[in-house]
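Structure, as structure tokens:
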Amino acid sequence: MIIGIPKEIKLNEYRVAITPDKVKELIKAKHVVYIEKNAGVGSGFNDEEYLEAGAIIESAKEIYQQVDMIYKVKEILPKEYEYMREGLIVFTYLHTNAYLEMTKVLLEKKVTGIAYSDVTDDNGEFPLLKPMSMLAGKGGFIAGLNLSQSINGGKGLLLARVAGIEHHMLRLLE
């Protein structure tokens, strides 16, 4: 299969769908991998790392024209609608219920969309959604801790049990 990874264009989205080590795995499994120039920069990966892994660096337009499957992080945005075509597979967080226009475009152009959030395993669990949910939960808790500090406008309360400290909320020493 020919797989393409375009650079994410959603505002404030810096993730990339694949790391160079996973590109190596796809190449080893006889797939061809195209990645857009600078697609990994926001996640700390440069083009040379992808080239060394076996990927082909190309423009978004070239990628969308040549591949069987697009592998992304976020939904398809209006600037990408022109690249949608019959037979193309899009594998990403589609959020079809939140983006009706995108959903209509995918249906009209007969694109096969596979949403990470809809993939289940034999146990009925969501193996692609679970890691992101765990990260979001931990990130939210860390953000809450930060915002609860009095130096950040909070009440200065400790929000979690810490070894050696009574389990009720305590004022932080600042």
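The values are calculated or read from the model by the stated rules, or taken from the named source; none is laboratory data. The structure displayed is predicted, hence computed values, not measured ones. Glycine also receives a Cβ, built like all others from the backbone with ideal geometry; neighbour counts cover every protein chain displayed.
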(request) Tell me which of these LYS22 doesn't satisfy, since it passes every other one: (1) within 21 Å of GLU80 (Cα to Cα); (2) surrounded by fewer than 15 Cβ atoms within 10 Å (Cβ to Cβ); (3) of a type outside the set (Gly, Ala, Ser). (result) (1)
(request) Give region 61-100 a look and list any residue that's under 20 Å from the mean Cα position of the chain (by Cα) and more than 16 Å from VAL111 (Cβ to Cβ), or say none. (result) VAL73, ASN97, ALA98
(message) One residue is enough: does region 91-104 have a residue meeting the conditions modelled with pLDDT of 95 or more and in a loop (DSSP other than H, G, I, E, B)?
(response) no
(message) Residue under question is TYR50, and the condition is that it be at negative phi, in contact with a helix residue (DSSP H, G or I) (Cβ under 6 Å, 6 or more places away or on another chain), in a helix (DSSP H, G or I) and crowded, with 21+ Cβ neighbours inside 10 Å; does it hold?
(response) yes
(message) Can you pull out every residue in region 70-92 that is farther than 22 Å from TYR14 by Cβ, surrounded by 14 or more Cβ atoms within 10 Å (Cβ to Cβ) and not β-branched (Val, Ile, Thr)?
(response) TYR81, MET84, LEU88
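For every residue, the table says whether it meets (1) closer than 20 Å to TYR93 by Cβ; (2) in contact with a Gly (Cβ under 8 Å, 6 or more places away or on another chain); (3) outside the structural domain of THR92 (by TED's automatic domain parsing); (4) of a type outside the set (Phe, Trp, Tyr).
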site: GLU8; (1), (2), (3), (4): yes, yes, no, yes
site: ARG15; (1), (2), (3), (4): yes, yes, no, yes
site: ILE35; (1), (2), (3), (4): yes, yes, no, yes
site: ALA39; (1), (2), (3), (4): yes, no, no, yes
site: GLU52; (1), (2), (3), (4): no, no, no, yes
site: ALA60; (1), (2), (3), (4): yes, no, no, yes
